[in-house]
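Student: Please find one structure pasted underneath; my questions will follow.
Values quoted throughout were computed directly from the atomic coordinates according to the rules given, and no laboratory measurement underlies them. Note that the coordinates shown come from a computational prediction; the quantities given were computed from them, not determined experimentally. Ideal geometry is used to build each Cβ from the backbone, glycine not excepted, and the neighbour counts take in all protein chains shown.
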């Protein structure tokens, strides 16, 4: 006998990239019933105009993003601009599991929120990274407990997930110094959303690599520091630089940390192996094989590798994810599965689309 | 009255990417007369088959890469596999200015050479990075003196040039700690040459970012350390990770260094401004504007930016170059101009081809 | 009650692109049990080295491509070089459903085979394009009948599928003249396979569009002509030019045909609507919306649009498919579903992965 | 003794792609002195913000695009929206050579203009395609005469140049039928300009091929027909479909025409050889070698190939150009050289930047 727990779902912001990816995953989720799709300026148009790849939803018409259209669903997914989700969630109340793909409820520290985002802090929701290590853990468990049964989920930032997964085993095991981390990322353009800005034009992107938010200004920095703090670091300090490269999807995060003096290099691999041995979606590659973003395209998979550079006295980790899946919509589905008491992996793709 | 000093030139390895770029630049050099092009397995074929973009040389036939074909030229440029250039140069003697695009004669320390390359050290030639700062300099001068009149030039590695230009002003001015540098690069595929390897196929590259030579194994590491040592660092240690991204050309090097405690952040920009104020090919961008590789395509130009991340206690620099021009063939022309007593900028493109 | 008809399957040539895509689809097929993966030169290595995106199969070891390893499966999929599949199938006999991803058994006419392929004709197998219109049909049916229960399937060429789907409604309805067709295709690189050739290198592909097999020489030409002949054309003649463009996957086929004089333009759209109204995998887009290959990535979907250019007296059709899915492995699964009596759409993705 | 004829120049629309490319070429033109750069919404900003690749002009400030800033130059180049150049030119009078990169003055037939552009015809200027064959010519001459000494130049559309160069030798020689031409183009994104539209975003472009202006609606159609009419065709009819592919620059135009019955295939190659034998910028490749856009990047070069497909009874031509150079700014420089009595090739790059 098979138990079923079908849930109805509304996706707000369904004409954008994050909303579209949410729909793509929900279409293949055996318990999800997509009832409502909404948009702001695109309300009233066919979804097929904006998401021509979602054949099964091509004829759905976008409703306006208003609470009256979102209410009455078991799950409401919000892909909205910063600052908008708090009020919507308040109106929906606890009747709905509200999943926020935006940043509003990720940070615990109001001061960090205000320093990086500028508007008032809207409160903190359970954080949708089930694989987040907590201090004292060698394998992730506590974060899953925090998500079980919740009515609110704050989905992590895509860059944050990549850097956290790369570094946290060493931090949690006390093998690396968390006060001088460096991360540089190669980012696909869909992470910037469907916004009309000159530097996001194809002509600017093709054949080019360009950094952005350099010098400690990126809004994902306090979120990374928060995660590694949870993993056991006291103070955390990270130099973080994302760079746009000519691909639509994918993040390749190269993150390094100084080895604690006297650390046995052999213990490094053991820490990463312990952390991810049982994870369905985070895979430490065999020694010598390095991640490529292509292998994660479309999948809720993170590929991780770690090496000790004894010459430089640093651990180097490289993590590949699809920013729209494990970095956004896949993390959302994984977390809502936990929140609803469903198997964590239900409906989630594990294999990428390559080449 | 205009003085002319025409020189004849042979390019060995002319069917590859570095050789092709050398020819492209020499075609526009007012004093260069391309007499001979050679190749190994492609000897006997038309250059137009291999370099269809070099219209003016399309009908040249590739001679075999043998000394008899290279002798008798004023300048001989070698784009050969590692280990081959020493013997050729010995046979050519001092009659020719020999410019080696390969690695054989870059490193001063035989132990470093053997550790990273594995074959016997072939001696050191004057190093073709005119902008290399020497200890005590605030603006580059000594390296130009080292190149004036030389009969041998070792052209730097492309990644090395990008990282050296990004970091050396801070090292020379004593503002950053050279013992814990981190550099992560986004690299175009032409840096890997025209070799037939699976990971270099278009199907593998398109839509993908992938690292290589991770964990302190890349051969450019000792060369970077050597350069920054010249710039005034005592011990140098760098974590260096190149990543292939889907573009044919270009290097975007993000390099960071810890600020020396107590350093006035304002002095950082001054050091970079001093270093590059008078450089024709290295441009510190206005504050707030970040380099893109697209702006350097085809040009012998390095675009540099620097910022202080006070939160992380690090200087972050980003440098963009065209790996085949400022990273290889442009550096060669610039250096041979100095060696021959010609104006350093003669025949070199300054403006990129964009978008 | 749910009926199950699980089948075991072996994939030969599993380290290449077509074999890898076959595995990706079979992993999500509810009745397929992947038992064996084989390769030629990669035999003995882990599949994860060659197909890092197929996480669930990463630890499978490739057996050599020999009949002893392929025998004993319900289904055997062959992704082999031309000329190899006939002998393998003969040894396997009728015990296995043999699905050939190669060209060996597609053509009915031995003379056409020999003219374009050069080696002896190996016989004709039922052709794996269920949507192929037969003369007199307005909606596809006969080809499905031809595939029901078969023990042999010849999967179409990817370019052939795109051009056939674009043009056949007009040919079958007698609205266009089949003797002066023109098709020009934009092709992703994976269609060329994982072979090590200079023109397939990333450095050659990035930023470039290049044609190949121009002037009536491409091997897919007689196959297109055969299909349109089945659709009702007497003589067929097509000018066919594929061009490689910088994407890993996808075919965008622009195909045009002269309108039969006196044809009512309104009847054109009706013919295309009739042909594909009930097709699960071939979608005529709403008027004014044109296909993009991105919308088909990873999906067994063909997007088709048609317009009448009255000025030029031609019908213009544009068809987008993923060359590895609807163009190869998806067509194989769709056809083997029919051969095994399973629902035709079972296990096949309909929605693409975009952006 | 060397004669000099320096000219001053103003470029209006200098922050866009066509204007930027015009500046790039003029920087290397030995007789051009760039005095003024103007823009509309970007007036008052530094050129370096918009054209970071033009290092020598980085500190120029953009003036507003008004006649008072454009008057007083020997040459004025207009890269303006449709409909704007006529009034500007009228105010400038014959004191300036006015070069229009836009479409306003290309078409001779007011009816064709109004049918495709919708606003009143602004008159016809000498057409800036020096290689245009006129009826009865086997090698281009008459069009050069039309440009000599002119005070007005209408620069051709980029797609038009590619298709005209590909087909005109056969039309002029009477070897092909001009009433049923078909052209399909692979286009880089810079041809669409720097406009903020969703389908021009990098996320939409990367990994995708998409057509536009299908079905006889593209504004370049009457211009192609006009050109082939000049070349000797009576009535001309062309099915024309451009497709956007993921590259910043380049056009690969595949154009086919039916052979006139009874034509000796050997005469085809002769016609193309005759037409382009002496052309500095249009190169018929050796038989068997096909054009790639990469070989033309940055160069004022068209690469052409032609083949007879006897099976299909068609001539197939493929032409590669850089849409911003031979397709726009290079054609402008070439034509203004002729207008000013300078050597036609002065200051124009012949060799591309590849890979």
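Student: Can you tell which of D:183, D:329, D:248 shows the greatest fluctuation in a Gaussian network model of chain D with Cα springs below 10 Å?
Tutor: Looking only at D:183, D:329, D:248, the biggest GNM fluctuation is shown by D:248.
Student: For a quick check: sort C:256, C:6 by the number of other beta carbons within 10 angstrom, fewest at the front.
Tutor: C:6, C:256
Student: Could you work out the relative contact order of chain D, using alpha carbon pairs under 8 angstrom and six or more residues apart, expressed as a whole percent?
Tutor: 17 percent
Student: Okay, next question. Cα centroid distance between the range B:32-94 and the range C:201-247, in Å?
Tutor: Here the answer is 38 Å between Cα centres.
Student: With a/c under 1.5 counting as rounded, go ahead and sort the protein assembly as shown into rounded, prolate or oblate using the C-alpha gyration tensor (a ≥ b ≥ c being the square roots of the eigenvalues; past the cut-off, prolate if a/b is larger than b/c, else oblate).
Tutor: Taking the square roots of the gyration eigenvalues as a ≥ b ≥ c, the protein assembly as shown is rounded.
Student: Between D:85, D:335, D:267, where does the largest GNM mean-square fluctuation fall for chain D, given springs only between Cα atoms within less than 10 Å?
Tutor: Sorting by GNM fluctuation, first place goes to D:267.
Student: Ok, one more. How far is residue D:286 from the same spot in each other copy, in nm, shortest first, if each label point sits 7 Å from Cα toward Cβ?
Tutor: 4.5, 5.0, 5.4
Student: Also, quick follow-up: To the nearest 10 degrees, how steep is helix A:221-230 against the longest Cα principal axis of chain A, on a 0 to 90 scale?
Tutor: 70 degrees
Student: Which whole-angstrom value gives the distance between the alpha carbon centres of the range C:317-355 and the range B:310-346?
Tutor: When both Cα centres are located, 51 Å separates them.
Student: To the nearest 10 degrees, how steep is helix B:330-340 against the longest Cα principal axis of chain B, on a 0 to 90 scale?
Tutor: Helix B:330-340 sits at roughly 70 degrees to that axis.
Student: Have a look at the DSSP beta bridges in the protein assembly as shown and tell me what percent are antiparallel, nearest 5.
Tutor: That works out to approximately 45 percent antiparallel.
Student: Moving to a separate point now. Any idea what the relative contact order of the range D:217-355 is, in percent, if you count C-alpha pairs under 8 Å spaced at least 6 apart?
Tutor: This gives 24 percent for the range D:217-355.
Student: Could you give the nm distance between label points at residue A:35 and residue B:346, where each point is 7 Å from its Cα heading toward the beta carbon?
Tutor: Each label point is offset 7 Å from its Cα along the Cβ direction, giving 7.9 nm.
Student: Could I have the simple spin-label model distance between residue C:289 and residue C:195, label points 7 Å from Cα toward Cβ, reported in nm to one decimal?
Tutor: In this crude label model, residue C:289 to residue C:195 measures out at 3.8 nm.
Student: Hey, for residue B:266 with labels 7 Å out along Cα-Cβ, what do the inter-copy distances come to in nm, ordered shortest first?
Tutor: In nanometres, ordered from closest: 5.5, 7.9, 8.3.
Student: Sticking with this one: Neighbour counts of other C-beta atoms within 10 Å: give me C:326, B:197 arranged from fewest to most.
Tutor: B:197, C:326
Student: I would also like to ask the following. Count the DSSP beta bridges whose two residues both fall in chain A, then state the antiparallel fraction as a percent rounded to the nearest 5.
Tutor: Among the beta bridges of chain A, antiparallel pairing accounts for roughly 45 percent.
Student: Another question, then. Between residue D:266 and residue D:82, what is the FRET efficiency for a Förster distance of 35 Å, r being their Cβ-Cβ separation, to the nearest 0.05?
Tutor: The pair residue D:266/residue D:82 has a calculated efficiency of 0.20.
Student: Classify the range B:202-355 as rounded, prolate or oblate from the Cα gyration tensor: take a ≥ b ≥ c as the square roots of its eigenvalues, call it rounded if a/c is under 1.5, otherwise prolate when a/b beats b/c and oblate if not.
Tutor: Here the range B:202-355 falls in the rounded category.
Student: Then there's this: Work out the FRET efficiency for residue C:142 and residue A:109 from their Cβ-Cβ distance, taking R0 = 51 Å, and round it to the nearest 0.05.
Tutor: 0.15
Student: Kindly give the distances from residue C:198 to its copy-mates, label point to label point, with each label point 7 Å from Cα along Cα→Cβ, as nm values to one decimal ordered shortest first.
Tutor: 2.4, 4.0, 4.4
Student: Suppose only helical runs count, i.e. DSSP H with n ≥ 4. What mean residue ellipticity at 222 nm does that imply for the protein assembly as shown under -39500 (n - 2.57) per run, divided by all residues and rounded to the nearest 500 deg cm²/dmol?
Tutor: -7000 deg cm²/dmol
Student: Using the count of nearby Cβ atoms within 10 Å as a rough guide to exposure, how do D:283, D:53 rank from fewest to most?
Tutor: By the 10 Å Cβ count, ascending: D:283, D:53.
Student: Please check: in the Gaussian network model of chain D (C-alpha springs, under 10 Å), which one of D:174, D:313, D:330 has the largest mean-square fluctuation.
Tutor: D:313
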